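Asker: Questions regarding the structure given below will be posed in turn.
The values are calculated or read from the model by the stated rules, or taken from the named source; none is laboratory data. This structure is a prediction, so every number in the text was calculated from the model and none was measured. Glycine gets a Cβ as well: all are built from the backbone with ideal geometry, and neighbour counts include every protein chain shown.
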Amino acid sequence: MKIKGTCKRDGREFLVEQVIAAGGECPWDGEPFEADYAVVLVDALRDAQDAGARLVSALERIADVRPAFELDGSTVLGPLRAQLEKLERNVVARG
């Protein structure tokens, strides 16, 4: 899983891998996304990327064994959407 984001300052897209490699800075303008908590941010981005890949892999394995049940997608996607919506609501001052 490759998680993408968009910088709230300049609107440019990036891959989470780029932000991790840049130590929490925007790969385009070099400004920190969160100056006071860069290490926390980088660790959390790495965790999200790893957890997403593990979730996709686990769901693929579940689907491959063709169990006699369905999973309720809203119980997987609902909590993820709630956190993504929180990120969208946070506003960054420009300039």
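Asker: A68 - would you say it is surrounded by fewer than 13 Cβ atoms within 10 Å (Cβ to Cβ), of a type outside the set (S, T, Y), assigned to a helix (DSSP H, G or I) and more than 16 Å from the chain's Cα centre (by Cα)?
Answerer: Working: surrounded by fewer than 13 Cβ atoms within 10 Å (Cβ to Cβ): yes; of a type outside the set (S, T, Y): yes; assigned to a helix (DSSP H, G or I): no; more than 16 Å from the chain's Cα centre (by Cα): yes.
Spelling it out, it is not the case that A68 is surrounded by fewer than 13 Cβ atoms within 10 Å (Cβ to Cβ), of a type outside the set (S, T, Y), assigned to a helix (DSSP H, G or I) and more than 16 Å from the chain's Cα centre (by Cα).
Asker: Filter the stretch 11-24 for residues that are farther than 12 Å from R46 by Cβ and touching a residue at least 12 places away in the same chain (Cβ under 8 Å) and give the result. Please lay out each step first, then the result.
Answerer: Restricting attention to the stretch 11-24, the residues satisfying the condition of being farther than 12 Å from R46 by Cβ are 11-15, 18, 22.
If the condition is that a residue be farther than 12 Å from R46 by Cβ and touching a residue at least 12 places away in the same chain (Cβ under 8 Å), then R12, F14, L15 are the ones that fit.
Asker: Kindly indicate the residue of the stretch 1-60 that is assigned to a helix (DSSP H, G or I) and among the hydroxyl-bearing types (S, T, Y) and also modelled with the lowest pLDDT among those meeting that condition.
Answerer: Within the stretch 1-60, the first condition is being assigned to a helix (DSSP H, G or I), and the residues that meet it are 16-21, 35-60.
Adding the requirement that they be among the hydroxyl-bearing types (S, T, Y) leaves 37, 57.
Numbers: Y37: 94, S57: 97.
Filtering the stretch 1-60 for residues that are assigned to a helix (DSSP H, G or I) and among the hydroxyl-bearing types (S, T, Y), the one modelled with the lowest pLDDT comes out as Y37.
Asker: Any idea which of (1) surrounded by 12 or more Cβ atoms within 10 Å (Cβ to Cβ); (2) at positive phi; (3) out of contact with any Leu (no Cβ under 7 Å at 6 or more places or on another chain); (4) not aromatic (F, W, Y) is the one P32 doesn't satisfy?
Answerer: P32 satisfies every listed condition except (2).
Asker: Can you give me the number of residues within the stretch 71-95 that are part of a loop (DSSP other than H, G, I, E, B) and surrounded by 10 or more Cβ atoms within 10 Å (Cβ to Cβ)? Reasoning before the result, please.
Answerer: To start, the set of residues in the stretch 71-95 that are part of a loop (DSSP other than H, G, I, E, B) comprises 71-72, 90-95.
Those still in the list that are surrounded by 10 or more Cβ atoms within 10 Å (Cβ to Cβ) too: 71.
Looking only at that region, the number is 1.
Asker: Which ones in the stretch 1-29 are of a type in the set (S, T, N, Q) and surrounded by 15 or more Cβ atoms within 10 Å (Cβ to Cβ)?
Answerer: Filtering the stretch 1-29 down to residues of a type in the set (S, T, N, Q) leaves 6, 18.
Selection gives Q18 alone.
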